[in-house]
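Here is the structure we will look at, set down as structure tokens.
Computed from the coordinates by the stated procedures, all read-outs in this text should not be read as laboratory data. Small disclaimer: the values here were computed from a predicted structure and weren't measured. Here Cβ is always computed from backbone atoms with ideal geometry, including for glycine, and neighbour counts include all displayed protein chains.
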Amino acid sequence: MVKRFCIVIGVILSLMVMVSCAKKAVKEEPLVTGKAEEKAWGKPGEEAERARIEEKSLEASLERKKYPGIEGVFLESSLLKDIHFGFDQYNLTPEARKILSQNTELLLKHPRVKIQIEGHCDERGTIEYNLALGERRAHTTKGYLISLGVSPDKISSISYGEEMPIDPRYNEGAWAKNRRAHFIILSK
Amino acid sequence: MHLRQIFLLACLLWTFIGAESGWTRVYIDIASPELQPLPIAIAQFEDRGRSKPNLGREIMKILTNDLTISGFFEIIPRSVFPQESNAIADPPDYKIWSPSRAEALVTGGYSSREGQFAIEFRLFDLVDKAFLGGKRYKGSTKGLRNIIHRVANEITYLITGEKGIFDTKIAFVSTMTGNKEVYTIDFDGHNLRQITNNGSINLSPAWSPDGRIIAFTSYIKRNPDLYLFDLTRSAQVRLSTNPGLNAAPAWSPDGTKMALMMRKEGNAEIFIINRDGTHPKRLTKSWSSEASPTWSPDGRKIAFVSDRAGSPQIYTMDRGGKNMKRLTFSGRYNASPSWSLKGNRIAYCGRMDGRFEIFTISPDGMWIRRLTEYSGNNESPTWSPDGRFIAFSSTREGRSHIYVMNANGANQRRLTSTRGKESSPTWSPRMDR
């Protein structure tokens, strides 16, 4: 049953790919048949095109930022999503893993991008133990990205403990938002 | 057990020394948890120069406040002093004092001229009719508060055998400028001084044992690096820059080393570095997080936090990292240990019914005592150098402020009132030595 379902999905997917390729070939290179052929086979020209589009979407997602009192400017991408943790936890929830694989996809497409993973905590607990906990959250996150194929030398990590809440309120909703790993782009 | 023996021995020794120096009785047994304050009369100090009219009142205010805060003394109000003029003569007419509750009398004089200030005090035992001692101090008028604190230190010494801590300070972190900067404040809540002014995140100030340097962590260079601030020269150096944490510094009692949290293999471990930042030595090796080291006063042990058993708990180990021992077993969150300079207690904060409270425990893991039971979170305990007070942060009045209490939890009072959130108090060593 499952197998049949997979086959159906596979067929649909490949059809979609073929259709989109055909469309592009017709639209962009209608006269040069040789090149159109190359494209139909998924050759480098098309990959470069796709990369260009993705580069554009990464570019569009970027925002220049600076933390007060901390040297240097950096970039933030709306495509690199935060993940969240349970109270006093640093293990990755299924939801966090899903987000991390999406983040990984983006990073693998842009291998020059260097990121820093920030481990953050909610305000409960001691300042110093939260520094340790933030370290742990950042490290676990980094480890997962590496396991998905991101190069270790493209990832650094830092713990901000409870020092940078995004929601300063004193309630469960705010705390849940603040217990997070956040991604910034140091260079690209 | 060993510590208790040392303590008993110290008490015995003390009795002998006390007897030798001609003491006729123990005025206050400072080791007793339920000590009876000594009723003391403080006569108006005599103006021996033509000082500012309000100076005498200011001196009395500082001195009375110090001696009251100490908990050793009950200040007898001047309205119930005997009226006779020779009541405060030198020596006083002891007969006149006999109906009074006062058991000791302080007299003295001062002068203030051209920016210079001098003060002299004399202390008398009204029960045994004896002169106990006195001293003269000189200094600039600017340092007046500090000179009076030293008078209070000396009076405390003459009564208890141990100097007071009235000239000590407390370093802490406040967000009053919008970010976390390090400040210091006198023991009595005066003299607020901003130490760091870099606009960054500054954490965990720690005094060197000579009181001259404050170590702290700052994020100035996008890494929690360790910095030293020299208080006498107002100069700062960056000391430890290991990628990852260089946090929660704790000076060894001899001032040659610091224990701190550093990143190793992706988690925080306890390290020791030399005072100049060199020779990092790793003390803990685990897959868990380690935090908040604090030295025993003999420099042989370090207490710290570890979550190796699944939740943050307090542990002790030798300074070499051997003989690890878990101290706390009740509750799911115990952290922020601070080893008393007397060696006999470790203060920490623990989560209870959803709130953080201050506790103390003996270094062998026995005799837990809960010190706070107010609303709000109570965190970051730190001991006064005489082991009689604990400063801590609390949110009991809304925003987090610094509070001080007796080591048994009595007399809890707010120390600071800056506009920001205050955290991470650390008590200075004695400056008067």
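For chain B, what does -39500 (n - 2.57) per DSSP helix run (n ≥ 4), summed and divided by total residues, give at 222 nm, in deg cm²/dmol to the nearest 500?
Calculated at 222 nm, the ellipticity per residue is -4000 deg cm²/dmol.
Counting partner chain Cβ atoms within 10 Å of every residue's Cβ in B:421-427, what's the average?
Per-residue shielding by partner chains comes out at 1.
In whole Hz and in residue order, list the ³J(HN,Hα) couplings for the stretch A:75-80 that follow from phi through the Karplus curve 6.51 cos²θ - 1.76 cosθ + 1.60, θ = phi - 60°; x for Gly and Pro.
Values, residue by residue: 10, 10, 10, 5, 7, 9 Hz.
Relative contact order of the stretch B:169-427, please, whole-number percent, based on alpha carbon pairs below 8 angstrom and at least 6 residues apart.
13 percent
What is the dipole size for the stretch B:212-368, taken about its Cα centre, with +1 at each Lys and Arg Cβ and -1 at each Asp and Glu Cβ, in debye to the nearest 20?
Result for the stretch B:212-368 is approximately 220 debye, rounded to the nearest 20.
With an 8 Å cut-off on Cα pairs and a minimum separation of 6 or more residues, tell me the relative contact order of the stretch B:50-150 in percent.
Value for the stretch B:50-150: 23 percent.
Can you give the alpha-carbon Rg of the stretch B:20-160 over 2.2 N^0.38 Å, where N counts its residues?
Its radius of gyration relative to the 2.2 N^0.38 Å reference: 1.04.
Which of the lysines could be linked to B:Lys129 by a straight reach, that is with a Cα gap under 20 Å, when you skip same-chain ones fewer than 8 residues away?
Within the straight-line cut-off, B:Lys129 pairs with B:Lys95.
Find, among the chymotrypsin sites (Phe, Trp or Tyr not before Pro) in the stretch A:82-188, those assigned to loop by DSSP (not H, G, I, E, B) with at most 16 other beta-carbon atoms within 10 angstrom.
Listed in order of number, the matching sites are A:Phe87, A:Tyr170.
Could you work out, for the stretch B:169-427, what percent of all Cα-Cα pairs fall into each 5 Å distance bin, beginning at 0 Å and stopping at the bin that holds the largest distance?
Result, from short to long distances: 1, 7, 14, 19, 20, 19, 13, 6, 1, 0 percent.
Evaluate the charge dipole of the stretch A:64-187 about its Cα centre and quote only its size in Debye, nearest 20, assuming +1 on the Cβ of each Lys and Arg and -1 on the Cβ of each Asp and Glu.
560 debye
Relative contact order for the stretch B:313-425 using alpha-carbon pairs under 8 Å, separation at least 6, rounded to a whole percent?
16 percent
Note down the magnitude of the dipole of chain B about its Cα centre, charges +1 on Lys and Arg C-beta and -1 on Asp and Glu C-beta and zero elsewhere, to the nearest 20 debye.
With only Lys, Arg, Asp and Glu charged at Cβ, the dipole is about 1260 debye.
Which peptide among A:131-137, B:342-348, B:237-243 comes first, and what is the full order, when sorted by highest mean count of other Cβ atoms within 10 Å?
Per-residue Cβ counts within 10 Å, averaged per peptide and sorted highest first, yield A:131-137, B:342-348, B:237-243.
Within 10 Å of each Cβ in A:100-109, how many Cβ atoms from other chains are there, averaged over the peptide?
Going residue by residue through A:100-109 and averaging, the value is 0.
Kindly flag which residue pairs out of A:Lys188/B:Lys264; B:Lys61/B:Lys138; A:Lys142/B:Lys301; A:Lys98/B:Lys221; A:Lys66/B:Lys285; A:Lys56/A:Lys154 have an alpha-carbon separation exceeding 29 Å in this structure.
Where the Cα-Cα span goes over 29 Å, the pairs concerned are A:Lys142/B:Lys301; A:Lys98/B:Lys221; A:Lys66/B:Lys285.
If only Cα atoms are counted, what is the Rg of the protein assembly as shown, and what is its Dmax, in Å?
Gyration radius and largest Cα-Cα distance of the protein assembly as shown: 31.7, 123 Å.
Which value, in Å to one decimal place, does the Kirkwood hydrodynamic radius take for the stretch A:64-187 when every pair of different Cα atoms is included?
14.5 Å
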